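Student: Okay, here's the structure, questions in a sec.
The values are calculated or read from the model by the stated rules, or taken from the named source; none is laboratory data. Since the model is a prediction, treat every value here as computed from it, not as a measurement. Don't worry about glycine lacking a Cβ; one is built from the backbone with ideal geometry, like all the others, and counts go over all protein chains shown. Surface areas here come from the heavy atoms of the whole protein model, side chains and all, with no ligands, DNA or RNA. Shrake-Rupley method; radii C 1.70, N 1.55, O 1.52, S 1.80 Å.
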Amino acid sequence: MYQNEPLIFEKSSPGRRCFIPPACDVPEKPITNLLPQKMLRKREIKLPEVSEIDVVRHFTRLSQKNFCVDTNFYPLGSCTMKYNPKINEDAARLEGFTKLHPYQPVEQCQGILELLYTLEQMLVTISGMKAFTLQPAAGAHGELTGMMIIRAYLDKQGEKRHKIIIPDSAHGTNPASAALCGYEVESIRSNPAGLIDVNKLKTAFDRNTAALMITNPNTLGLFEKDILEICKIAHDAGGLVYCDGANMNALLGITRPGDMGIDILHLNLHKTFSTPHGGGGPGAGPIGVTEKLKPFLPVPRIETGKKSTTEGVRQDTSVAGQGQKYYFLNYQHPDSIGRVRAFYGHIGIMIRTYTYLLSLGKEGICKVGKFSILNANYLRHKLIKYYDIPYGKTCMHEFVISAKKQRQQGASALDIAKRLLDYGFHAPTIYFPLIVEEALMIEPTETESLETLDAFADAMVQIATDIEQKPESVRNAPKTTPVGRPDEVKAAREPTLKWEH
């Protein structure tokens, strides 16, 4: 109905106004008397002239074009775009949270400090790590923080290691995070099964290697079955193992990275623990570490003790109920890498995570991983007759298909992704991981119904059939969206950043 909604400038009509202000009842002065010349425009800005109803209807119609988890299925592999329960939003908007100021004294912030402290302990239990910091603002920021902790730890040991090993099945931001901390990156190729090649790792991991960065499950949606041996290889050589936890959704209630031998783990609260994300934010990427790495975590650390008017704050390791606990920010950690985020991170995301975990409870959390794996394997089974799935007989929470056959028939992975828009589905991640030709990476998550999965599978099957019979119908997609196929290369190289009316 609103497919050809015009630009707001195109709705402009000279003299039309949203409202007319009352006559000025004070002496008027030219703006040149009030502002410095350098702050004044050289020419008058050309704003659209529209009525209030024009504005309201225009932006309401645009909002109805939004594609999000609340409106459609979003099988974006590697990103875990699950449905976000609205109770999380209600909790994050409680006045007790929204009216807090980060510069308030800790005595007035006991509630939020208790929430954050408790959330850290929840993440410790879920992951098997020994301690967490909530400061990092997103996954890649968590990676950077982890690399900084590795460097600080090795410096403390007097070791000058300069290499980080990263499998080709790891997440794409891993090499950048390592390089930003001054490390050389060495990539090792996966074995024919799509897993880390243990023999190649043994050869590559030497006394110059600071750490191995892995993603488990990896970006092919496969669990690294040799993870215990992998960690032992790194540890025997005096190195550490960093795990990108972006795929933690598949492990919830099934296994814990800390029990595998992982030394540092980041979690994406905005993926695994249900917060709306995409388009650059919001996010949170807490870091969990082993006991020996705790001293290097960013400050301030949230700690608990007993407050006394005469003795200040005493560290408290007593069980709950033996005196009133007092939460405080402790900066006194001399080996810390320092602060990595203003104040204590993205608090709103953490409140949503806390609410999500309490809503699920232990039993519910244990179902998340199982259902996400079940949904992914159901889709995989329905599509394997129509698309090539080069790695694994089963998958974890996601899987990667190859449109190599469809490419030979005249349509690419990009064409398939565009065509899915006509069926009302967001496209999966495409052309990643790089080790799969014409890759489409599909992650249904645990929140999608059987009916939704069937509808998506039917669309994918129909697209494959159309490619066999009339590939041009897919190459010209999408056909039902307001904008068809823009020239993406030109858009990237020659962006139009302002409207000249």
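Student: List the residue ranges in the chain for DSSP H helices whose C-alpha atoms run 30 angstrom or more along the long axis and whose Kyte-Doolittle average is -0.5 or above.
Tutor: Details: long enough: 347-383 (40 Å, 0.32).
Helix filter hits for the chain: 347-383.
Student: Could I get the Rg over Rh figure for region 437-501? Both from C-alpha atoms, Rh via Kirkwood, rounded to two places. Mind dumping the intermediate values first?
Tutor: On the way: Rg = 16.9 Å, Rh = 15.4 Å.
That ratio is 1.10, to two decimals.
Student: Output the pairs from Lys393/Lys470; Lys99/Lys362; Lys385/Lys470 with a Cα-Cα distance over 25 Å in this structure; if there are none, say none.
Tutor: Details: Lys393/Lys470 31 Å; Lys99/Lys362 31 Å; Lys385/Lys470 19 Å.
Going by Cα-Cα distance, Lys393/Lys470; Lys99/Lys362 fall outside the 25 Å limit.
Student: Per DSSP H run of n ≥ 4, the term is -39500 (n - 2.57); total these for the chain, divide by its residue number, and report the mean residue ellipticity at 222 nm rounded to 500 deg cm²/dmol.
Tutor: Details: 16 runs with 175 residues, N = 501.
It comes out at -10500 deg cm²/dmol, rounded to the nearest 500.
Student: About the Cα centre, and with charges only on the beta carbon of Lys, Arg (+1) and Asp, Glu (-1), how big is the dipole of the chain? Nearest 20 debye, please.
Tutor: Details: 59 positive and 55 negative charges, 139 e Å.
The dipole magnitude comes to about 660 debye.
Student: Related question: Tally Lys/Arg at +1 and Asp/Glu at -1 over every other residue whose Cβ is under 12 Å from the Cβ of Arg57; what's the total? Please report the intermediate quantities before stating the final value.
Tutor: Values: positive: Lys11, Arg61; negative: Glu5, Glu52, Asp54.
Computed value for this residue: -1.
Student: If Lys and Arg each add +1 and Asp and Glu each add -1, what is the summed charge of the other residues whose beta carbon sits under 12 Å from the beta carbon of Thr353?
Tutor: Details: positive: Lys271, Arg352; negative: Glu120.
My count for the surroundings of Thr353 gives +1.
Student: Which peptide among 250-257, 228-235 comes first, and what is the full order, when sorted by highest mean count of other Cβ atoms within 10 Å?
Tutor: Values: 250-257: 20.2, 228-235: 18.0.
The packing order, highest mean first, is 250-257, 228-235.
Student: In units of 2.2 N^0.38 Å, what is the alpha-carbon radius of gyration of the chain? Mind dumping the intermediate values first?
Tutor: On the way: Rg = 26.5 Å, N = 501, 2.2 N^0.38 = 23.4 Å.
With N residues counted in the chain, Rg over 2.2 N^0.38 Å equals 1.14.
Student: So how many Å³ per residue does the convex hull of the Cα atoms of region 195-306 work out to? List each step's numbers first, then the result.
Tutor: Numbers: hull volume 17.8 nm³, N = 112.
Spread over its residues, the Cα hull of region 195-306 gives 159 Å³ apiece.
Student: Taking 0.36 nm per residue of sequence separation and subtracting the Cα-Cα distance, how much length would be gained by fully extending the chain between Ala455 and Asp70, in nm to one decimal? Kindly include the intermediate steps, with their values, before the conclusion.
Tutor: Details: separation 385, 0.36 × 385 = 138.60 nm, distance 1.68 nm.
Full extension from Ala455 to Asp70 adds 136.9 nm.
Student: For the ranges 218-224, 188-194, 437-443, what's the packing order if you count other beta-carbon atoms within 10 Å of each residue, average per peptide, and put the highest first?
Tutor: Working: 218-224: 25.1, 188-194: 15.3, 437-443: 23.3.
Put in order of decreasing packing, that is 218-224, 437-443, 188-194.
Student: Which GluC sites (Glu not before Pro) from region 65-173 combine a DSSP loop assignment with at most 10 other Cβ atoms within 10 Å?
Tutor: none
Student: Using a basic spin-label model with each label point 7 Å from the Cα along Cα→Cβ, how many nm lie between Phe9 and Lys29?
Tutor: 3.4
Student: May I have the pair-distance distribution P(r) for region 361-501, computed from all Cα-Cα distances with 10 Å bins from 0 and rounded to whole percent?
Tutor: Cα pair-distance distribution for region 361-501, in percent: 11, 37, 31, 14, 6, 1.
Student: How much net charge surrounds Lys294 when only other residues with a Cβ under 10 Å from its Cβ are counted (Lys, Arg +1; Asp, Glu -1)? Numbers along the way, then the final one.
Tutor: Working: positive: Lys130, Lys292, Arg301; negative: Glu291, Asp335.
Net charge in that neighbourhood comes out at +1.
Student: What is the Cα centroid distance between region 449-489 and region 7-63, reported in whole angstrom?
Tutor: Measuring centre to centre over Cα atoms gives 42 Å.
Student: Could you tell me which trypsin sites (Lys or Arg not before Pro) in region 148-177 are loop residues by DSSP with no more than 15 other beta carbons within 10 angstrom of their beta carbon? Present the calculation step by step, with values, prior to reporting the outcome.
Tutor: Working: sites: Arg151, Lys156, Lys160, Arg161, Lys163; in loops: Lys160, Arg161.
When the trypsin sites (Lys or Arg not before Pro) of region 148-177 are filtered for loop state and at most 15 Cβ neighbours within 10 Å, Lys160 remain.
Student: Counting only heavy atoms of the protein chains, get the accessible area per residue of region 82-154 (1.4 Å probe) and round it to a whole Å² value. Each step should come with its number before you reach the end.
Tutor: On the way: 3140 Å² over 73 residues.
Result: 43 Å² of accessible area for each residue.
Student: May I ask you to derive the relative contact order of the chain, considering only C-alpha pairs under 8 Å and at least 6 residues apart, and to give it as an integer percent?
Tutor: Working: 886 pairs, mean separation 87.2, N = 501.
For the chain, the relative contact order is 17 percent.
Student: Additional query: Tell me, what HN-Hα J-couplings in whole Hz come from the Karplus equation 6.51 cos²θ - 1.76 cosθ + 1.60 at θ = phi - 60° for each residue of region 485-497, using x for Gly and Pro?
Tutor: 10, x, 6, 5, 5, 5, 4, 6, 8, 10, x, 9, 9
Student: Further question on the same structure: Below 17 Å, Cα to Cα, which lysines can Lys325 reach? Residues fewer than 8 away in the same chain don't count.
Tutor: The qualifying lysines are Lys306, Lys307.
Student: R0 = 35 Å: FRET efficiency of Lys130 with Glu107, Cβ-based, nearest 0.05? Show your work: numbers first, answer last.
Tutor: On the way: r = 29 Å, r/R0 = 0.82.
After rounding to 0.05, the efficiency reads 0.75.
Student: Note down the Stokes-Einstein diffusion coefficient of region 1-79 in µm²/s, whole number, using a Kirkwood radius over alpha carbon pairs, 37 °C, and 0.692 mPa s. Could you put the intermediate results ahead of the total?
Tutor: On the way: Rh = 17.1 Å.
It comes out at roughly 192 µm²/s.
Student: Hey, another quick one. Taking all protein chains as present, what is the carbon and sulfur share of the accessible area of the chain, in % to the nearest whole number, probe 1.4 Å? List each step's numbers first, then the result.
Tutor: Values: 13850 of 25490 Å².
Roughly 54 percent of what the probe reaches on the chain is carbon or sulfur.
Student: Given the peptides 418-430, 475-487, arrange them by the average over their residues of other C-beta atoms within 10 Å, most packed first. Before the final figure, lay out each step's value.
Tutor: Working: 418-430: 20.2, 475-487: 13.0.
Listed from highest to lowest mean packing, they are 418-430, 475-487.
Student: Enumerate the aspartates and glutamates that Lys82 could reach by cross-link, defined here as Cα to Cα under 12 Å, with residues fewer than 8 away along the same chain left out.
Tutor: Within reach: Asp70, Glu443, Glu446, Glu448.
Student: Amide H to amide H, which residues 5 or more places from Gly245 or on other chains are under 5 Å from it, using H placed in the peptide plane?
Tutor: For Gly245, the qualifying residues are His266.
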